[in-house]
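Worksheet: one structure, shown below.
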Amino acid sequence: MHELTIAHSIINIATKAAAANSHGLITAVCIQIGELSGIETDALEFAFSVCKEGTALQDAELQVSITGGTGQCLNCSIEFPVHSYSAICPHCNSNAIKILNGKEMKVVNITIED
């Protein structure tokens, strides 16, 4: 379950950012997850709720937004939305696709109340 490791990383990132910028209470952490990342959001939210106990994020909410995937055909160079790794180019039907985005996971915003 790599979501547990991801939850720990989110807590570490938010804790370090809060310590460097404020001494307030962290109330929310907003993350973006690419739909091709393989991260199960329900499992991540559960892991976050367990891991945050006893930390500076104890009362924080995890806000998750999903970003779509984009691919580029290596034959005709067209860019198009990709929802799985088995995508086929809608223009030339090639399966030679380069994934441009949708695999990422990043902390976008940390809300701190003084």
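The values are calculated or read from the model by the stated rules, or taken from the named source; none is laboratory data. For clarity, every value in this text was computed on a predicted model and none was experimentally measured. For neighbour counting, all protein chains shown are included, and Cβ atoms are generated from backbone atoms with ideal geometry for every residue, glycine included. Just so you know, the surface numbers come from the protein's heavy atoms only, side chains and all, with ligands and any DNA or RNA stripped out. Shrake-Rupley method; radii C 1.70, N 1.55, O 1.52, S 1.80 Å.
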- prompt: Cα extents of segment 52-98 along the three principal axes, largest first, in whole Å?
  reply: 54, 12, 12
- line: The simple spin-label model distance between His23 and Thr55, using points 7 Å out along Cα→Cβ, in nm, is 2.2
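Can you check what the net charge comes to around Gln72, using other residues whose Cβ is under 10 Å from the Cβ of Gln72 (Lys, Arg +1; Asp, Glu -1)? Kindly include the intermediate steps, with their values, before the conclusion.
Working: positive: Lys98; negative: Glu79.
Net charge in that neighbourhood comes out at 0.
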- request: Output the relative contact order of the chain, whole-number percent, from Cα pairs under 8 angstrom with separation of 6+ residues.
  value: 36
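Could you tally the net charge around Ile6, taking each other residue with its Cβ under 14 Å from the Cβ of Ile6, Lys/Arg +1 and Asp/Glu -1? Present the calculation step by step, with values, prior to reporting the outcome.
Working: positive: Lys52, Lys103, Lys106; negative: Glu3, Glu40, Asp42, Glu45, Glu104.
With Lys, Arg at +1 and Asp, Glu at -1, the net is -2.
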message: So if each residue of separation counts as 0.36 nm, and I subtract the Cα-Cα distance between His83 and His2, what length gain in nm does that give?
response: 27.0 nm
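Taking all protein chains as present, what is the carbon and sulfur share of the accessible area of the chain, in % to the nearest whole number, probe 1.4 Å?
Details: 3340 of 6680 Å².
In the chain, the share of accessible area belonging to carbon and sulfur is 50 percent.
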query: Measuring from label point to label point, each 7 Å out along Cα→Cβ, what is the Ile66 to Val107 span in nm?
result: 2.4
message: Per residue, how large is the accessible surface of the chain? Use a 1.4 angstrom probe and give square angstrom.
response: 59
- line: Between Ser94 and Asp114, the two model label points (7 Å from Cα along the beta-carbon direction) sit apart by a distance in nm of 5.6
field: Pairwise Cα inverse-distance average, inverted: Kirkwood Rh of the chain (Å)
entry: 15.6
